[in-house]
1. Restricting things to alpha carbons, find the Rg to Rh ratio for the range 148-265 using the Kirkwood radius for Rh.
2. How about the range 117-199: which chymotrypsin sites (Phe, Trp or Tyr not before Pro) there lie in a loop by DSSP and see at most 16 other Cβ atoms within 10 Å?
3. Which of the trypsin sites (Lys or Arg not before Pro) across the range 115-179 are loop residues per DSSP, with 12 or fewer other Cβ within 10 Å?
4. Based on alpha-carbon centroids, what's the gap between the range 10-35 and the range 239-271 in Å, whole number please?
5. Given Cα pairs under 8 Å that are at least 6 residues apart, what percent is the relative contact order of the chain?
6. Using alpha-carbon positions, what is the distance between the centroids of the range 338-357 and the range 110-154, in Å?
7. Which values, in whole Å and largest first, are the semi-axes of the equivalent ellipsoid of the range 279-407 obtained as the square root of 5 times each eigenvalue of the Cα gyration tensor?
8. In debye, nearest 20, what is the charge dipole magnitude of the chain about its Cα centre with +1 on Lys and Arg Cβ and -1 on Asp and Glu Cβ, if you could check?
Amino acid sequence: MSAPADIDVRPVTEAEYSEWLRAVRAGFLREPVVTAAELEARGRQFEPGRVIGAFDGDRCVATFRSFAQEVTAVGGRLVAADAITAVTVTATHRRRGLLTRMMTQDLAAAKERGDVLATLIAAEYRIYGRYGFGPATSASEWTIDVPRAGLDPRGPDLDGGRIDLVDPDDVRKLGPELHDRMRRATPGAISRDDWWWQLNTGAVRPDPEWTEPFFAVYRAPDGTAEGLMAYEVDDKWADTMQPSNTASVRGLIASTPAAERALWHHLCSIDWVMRVKSGWRAPDDLLPHLLPNPRAARTSMQADWMWVRILDVVRALEARTYEGEGELVLEVLDGSGIAGGRYRLEASPAGATCTATTRSADLTLDVGELATLWLGDESAVRLAALGRVREERAGAGRGADALLRTSRRPWCPDMF
């Protein structure tokens, strides 16, 4: 067994990328075979310096990758982030500090670049808090019993709009602009680059089992595309030749409530579809109440989703908007030394300023708890009750909630 000091943690070269991909597959318990097609497709994502590996001799035993991302802050401003993905440690090399070494390298580079945040989707809950990350959004999935939903079997009333099934080429043309409208109105939403659209429309296929879904577009009466849904349908029938098909949504983006309603009603009106699985949706999604009988939609999944690590407290707090007016002094603890300090936030609907201060703190909290509060989804009062935030002044938690919480919950529609 190699000692931790003998394991080399460093950026991966293009020549080592296939071995790195093999380690990623092994880390996620997938067949550790990298096909030529996967190597060619994934190779388009290779960015020197941002693909990190831990090497025991010639063998890659831990993996880590980051890429540039934008996160929508409360109010619609786009914030530069370091998105982290493909994090694995091979089972034979756990508990040797390899993840800590890779994370330390990446966060230092992100701070040096001037990124405000780091983000990730956590496969395991207990890993990332020790690196200053906190869960900032959550996601839910609903399963709809279509016959109980109470919808008109003749199909949706589109009130002058229309729904069209389109091809992948059409999606790549209209999808990016539609997504941009949606994400700017959705705190927690993230950017999608050209690779994302190619991957999700089959233009590149690293997964040989990828199948093309149906793509449905909702157009408003004036012809503007306001919603896009990707879904697949299985082919199951009961012994009595009764349909028992399930439609599973791969993704739905909409810039208006009318588009959401139209697309869900369309999917639930398709002949032979008895169940609909919604895919990952916002925890306060409109979906259940877009049905005449909301009880026909049961929650089949609810979990934390995107985690955030704040790298620059001042820029993060000044980037977002605030519905109320007030002042808050935060003592932010950060064991890594990246973003700790005492900060005075002065906020109003007109804007906010955040500065270092020596004034007495109102709240003391870890940088991960600040990340949990940043997008407005969590309550400082609740975190204080859990012992994760300390009130230094009576009533400071309620004051923080009045400033930080949002009327709609943040949501990240994407896995990365």
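The values are calculated or read from the model by the stated rules, or taken from the named source; none is laboratory data. Keep in mind that what you see is a predicted model, and the values were worked out from it rather than measured. Cβ atoms come from the backbone with ideal geometry, glycine included; neighbour counts cover every protein chain shown. Keep in mind that these areas ignore ligands, DNA and RNA; they rest on the heavy atoms of the full protein, side chains included. Shrake-Rupley method; radii C 1.70, N 1.55, O 1.52, S 1.80 Å.
1. Details: Rg = 15.8 Å, Rh = 15.8 Å.
Ratio value, two decimals: 1.00.
2. Values: sites: Tyr125, Tyr128, Tyr131, Phe133, Trp142, Trp195, Trp196, Trp197; in loops: Tyr125, Phe133.
Those that pass, being in a loop and sparsely packed, are Tyr125.
3. On the way: sites: Arg126, Arg130, Arg148, Arg154, Arg162, Arg172, Lys173; in loops: Arg126, Arg154.
Taking the range 115-179 and a limit of 12 other Cβ atoms within 10 Å, the loop trypsin sites (Lys or Arg not before Pro) found are Arg126, Arg154.
4. 37
5. Details: 897 pairs, mean separation 77.8, N = 416.
Relative CO of the chain lands at 19 percent.
6. So the two Cα centres are separated by 27 Å.
7. Values: eigenvalues 188, 52, 40 Å².
They are 31, 16, 14 Å, listed from largest to smallest.
8. On the way: 51 positive and 61 negative charges, 198 e Å.
With Lys and Arg at +1 and Asp and Glu at -1, about 960 debye.
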